[in-house]
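These notes concern the structure reproduced below.
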Amino acid sequence: MLKSPLQVARESYLPKMPASFKGAVKIVEGNKTQSVADQAEIEKMFPNTYAMPVLTFEGSDTAKTYPAYKVGVILSGGQAPGGHNVISGLFDGLKACNSGNKLYGFLGGPSGLVENQYVELTAEIVDEYRNTGGFDIIGSGRTKLEETEQFDKVIENCQKLGVNALVIIGGDDSNTNACVLAEYFAQKKSGIQVIGVPKTIDGDLKNEVVETSFGFDTACKTYSELIGNIQRDANSAKKYYHFIRLMGRSASHICLECALETQPNITIISEEVEQKGMTLDELVTEIADVVAKRAAKGLNFGTVLIPEGVVEFVPAMKKLIAELNDILARHEAEVTVLETNRDRRDFVATKLAADSAEVFASLPNSFANQLMLDRDPHGNVQVSMIETEKLLIDMVKSKLKKRKKAGEFDGKFSGQAHFFGYEGRCATPSNFDADYCFSLGYTASLLISEGKTGYMASVKNLTKPADQWLPGGAPITMMMNMEKRHGAMKPVIQKALVDLKGKPFGKLVENREDWALNTRYLYPGPIQYFGPASVSDITTYTLQLEQSK
Ligand code: FBP
C-alpha cells in the first residue's frame, strides 16, 4: 500500500481506551428495557431479543476465559471515518479474549454475507488500516437483507465457514437489519450471534444509550474546515454568497454542528422548516431578507448552510416526493422506456394529485428531473443528487431581482454553489473517532465473547477523557418503533432528528440574528492529530452541549 507521511505517522497511534479495558472485565446488567414506542407489536415480533437489559462492562480482578469464536464482520451503507478502527478494536479484543479467535471480513457490505464473499482478516491486513479513513479494507454496500431466503443463505454461509457471530457496522437501517437477523437466528436456533455498531456521519443514530454515531465528529470537522476557508474567502473578496449544502440524508445534525463550529450567516434546519410548515417560497424569503439587511450595511457577501434533506421537510415537497416514490415504483416499467426527461416529467405529472402537480410544474426542469432519479435500496430519495443549493440561489436571485425592480433592494447578489458530502466520509479519523471506534470494536468483541446477541455496542460518557468512558451494550429492540416503509408498517430503529428543544439548536437560535447581520465567522482550520489535547482531542459542540448540565 502506498502511504502518505501522515498515514505513516498515524500507524503508531495507540487509541485511548476506557480504564475498564485495561484488564479483565465483568458485565453488569441494568434494568430490563422496552422499545421506544409500539411496545406490544415489537415484543410480539422479537420474542427472543425483547426486554433484554442494558449492559455495562466494569474492570474486574478476576480473569476470565472465553470460548473460541469465528466472527464475521461487515461494513454497511455510507462510509464514515473510523470504520477501520472498529475492525482493529474488534480484532484486538477478540485476540485478547481468546488467541484462537478468528475474524472474517465479508466483502462489499451485506451482499457479501449472502454471496459468501469473504477474506480472513489477519494481523498483517488489519495493521495496514489502523487509524485510517475509508471502508476499503473490505468495502461496503447498501443491499437490504429482508427476504427469508437471504437470511437462510447467511446461516448456510456462516455454518460452512464455522462463523458463530456477526458484527454489522452500520446506520439505522443496517442495525435494524442486525436486529431482525439476531431474532431470526435465535428463532432458528442457528447458534449465530449478531452485534451492531452505530455508524453514520449523519449523526441520527443516537439515543439515551448511544451518545453519538461514529464518523459524525470527523465529517463535521472536515466540512467545518472547508466552510471556514470559504468564509475567509468571502470575507476577503466581499462579493459572493456561498450556498453550501451538507450531507445528512434526513436529520440536520451535520448542518447544525457545522454552524456551531463556523458561525455562518444563515443556517437552515430541516426539522424547524417542517415544524413551521414552511413553503419553499417562505424559505427563500427568509434568505432574501437577510441578504437585503446585510446589503443595507454594505455587506454583499455571506454564507448559507443547507441540509441536503431539506426538500423532504418542506410539507408540499414532502407530499410531492412521497407521491413520486409511489408512482415511480408502481409504473417502473412504463417510466424506464421513456426516452427523455421531458417525457418522464409529462408522464408522472398526469399521475400526481392536483396540488402536487402544481408544485412539480413550478420547479425548474433540472430540479424536477433530479426528483425523479432512482431511489436507493431502502426506498429513499437519493438527496445527495438533488442540487437544492442551486435551486435556492436561483430563487433568491429572482426574488431580489423583483425587489430591485420595485425599488426595495439596492444591493448585489452573486451566488456560488457547493456540496460537501463525500469529502468528509473517508477523512482520516480525528483522535475522538479513532479512540471511540477502537473502543466500539473492542466492546463488540466482549459482547460476543459473553454470548450476547441482538445488542449494539455502546460507549458512553464521551465528553470525558477516554479512560472514563463507559463501554457496554444496548438491546437494539429498545430503539425500535413501527414505521411505514414501502406502503407497509415495519419495525425500524427510530431516527434521531434535531431536537428543537435541545441545547445545540438553542445555541443557534440564540445567536441567529447576530450571526446573520454581522460577520462572526469562526475558522476552525484542519483536524489536528498531534499537539495539545485542548485542540486535538475535543469532540463536537453538539455532544458537549447535549451533555452539559
Ligand atoms: P448512511 O446512513 O448509510 O451512513 O449514509 C449516509 C449518507 O452519507 C448520507 O449523508 C447521504 O445522503 C448518503 O449516505 C449518500 O449515499 P451514497 O453513498 O449511496 O451516495
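The values are calculated or read from the model by the stated rules, or taken from the named source; none is laboratory data. It should be emphasised that the depicted structure is a prediction, and the values quoted were computed from it without experimental measurement. We place every Cβ from the backbone using ideal geometry, glycine too, and count neighbours over all the protein chains shown.
Residues in segment 400-443 that are more than 16 Å from the ligand (Cβ to nearest atom) and on the phi < 0 side of the Ramachandran plot: 28 in all.
Of these, GLY170, GLY203, which one is within 13 Å of the ligand (Cβ to nearest atom), touching a His at 6+ places or on another chain (Cβ under 8 Å) and of a type outside the set (Asp, Glu)?
Values: GLY170 fails: touching a His at 6+ places or on another chain (Cβ under 8 Å).
Exactly one of GLY170, GLY203 is within 13 Å of the ligand (Cβ to nearest atom), touching a His at 6+ places or on another chain (Cβ under 8 Å) and of a type outside the set (Asp, Glu), namely GLY203.
Applying the set (1) surrounded by 19 or more Cβ atoms within 10 Å (Cβ to Cβ); (2) over 26 Å from the mean Cα position of the chain (by Cα); (3) more than 19 Å from GLY451 (Cα to Cα) to LEU94 leaves exactly one unmet item: (3).
The single condition among (1) touching a residue at least 60 places away in the same chain (Cβ under 8 Å); (2) in a helix (DSSP H, G or I) that ILE327 does not satisfy is (1). Of everything in segment 481-530 that's closer than 30 Å to VAL209 by Cα and acidic (Asp, Glu), which residue is modelled with the lowest pLDDT? Within segment 481-530, the match that is modelled with the lowest pLDDT is GLU483. Of PHE347, PHE301, PHE360, all but one fail to be of a type in the set (Phe, Trp, Tyr), away from the ligand (no atom under 16 Å from the Cβ), over 25 Å from the mean Cα position of the chain (by Cα) and surrounded by fewer than 18 Cβ atoms within 10 Å (Cβ to Cβ); the exception is PHE347.
In the set LEU320, LEU305, only one residue is of a type outside the set (S, T, N, Q), within 25 Å of SER414 (Cα to Cα) and touching a helix residue (DSSP H, G or I) at 6+ places or on another chain (Cβ under 7 Å); that residue is LEU305. Scanning segment 393-449 for residues being under 21 Å from MET247 (Cβ atoms) and of a type outside the set (Gly, Ala, Ser) gives a total of 15. Does LYS318 satisfy the condition of being closer than 20 Å to GLU271 by Cα and either touching a Gly at 6+ places or on another chain (Cβ under 9 Å) or part of a helix (DSSP H, G or I) (or both)? In short, yes.
Can we say GLU282 is assigned to a helix (DSSP H, G or I), touching a strand residue (DSSP E or B) at 6+ places or on another chain (Cβ under 9 Å) and at pLDDT 95 or above?
The answer is no for GLU282.
Give the residue that is farthest from LEU55 (Cα to Cα), with candidates limited to residues of segment 213-243 that are touching a Lys or Arg at 6+ places or on another chain (Cβ under 8 Å) and within 13 Å of the ligand (Cβ to nearest atom). Within segment 213-243, the match that is farthest from LEU55 (Cα to Cα) is ALA219. Quick check, is ILE138 modelled with pLDDT of 95 or more and either crowded, with 19+ Cβ neighbours inside 10 Å or within 16 Å of the ligand (Cβ to nearest atom) (or both)? It is true that ILE138 is modelled with pLDDT of 95 or more and either crowded, with 19+ Cβ neighbours inside 10 Å or within 16 Å of the ligand (Cβ to nearest atom) (or both). Tell me which residues, restricted to segment 244-276, are within 16 Å of the ligand (Cβ to nearest atom) and not hydrophobic (A, V, I, L, M, F, W, C). Matches in segment 244-276: ARG245, GLY248, ARG249, SER250, SER252, HIS253, GLU257, SER270, GLU271.
For segment 534-549, the set of residues classified as of a type in the set (A, V, I, L, M, F, W, C) and without any contact (Cβ under 8 Å) to a residue 12 or more places away in the chain consists of VAL535 only. The residues of segment 8-43 that are buried (at least 17 other Cβ atoms within 10 Å of the Cβ) and in a helix (DSSP H, G or I), listed by number, are ARG10, SER20, PHE21, ILE42. Restricting segment 306-321 to residues that are away from the ligand (no atom under 16 Å from the Cβ) and either closer than 16 Å to GLY203 by Cα or not charged (D, E, K, R) (or both), the residue that is surrounded by the most Cβ atoms within 10 Å (Cβ to Cβ) is LEU320. Against the list (1) in the same structural domain as TYR541 (by TED's automatic domain parsing); (2) more than 25 Å from the chain's Cα centre (by Cα), the condition TYR184 fails is (1).
Within segment 355-371, is there a residue that is touching a helix residue (DSSP H, G or I) at 6+ places or on another chain (Cβ under 6 Å) and either outside any helix (DSSP H, G or I) or farther than 24 Å from PRO315 by Cβ (or both)? No, segment 355-371 has no match at all.
Looking only at segment 235-286, residues that are surrounded by 24 or more Cβ atoms within 10 Å (Cβ to Cβ) and farther than 30 Å from GLY171 by Cβ come to 2 in all.
Taken as a whole, the condition of being in the same structural domain as ILE476 (by TED's automatic domain parsing) and free of Cβ contacts under 8 Å to residues at least 60 places away in the same chain applies to ALA40. Residues in segment 388-409 that are closer than 12 Å to VAL311 by Cβ and surrounded by fewer than 18 Cβ atoms within 10 Å (Cβ to Cβ): 0 in all.
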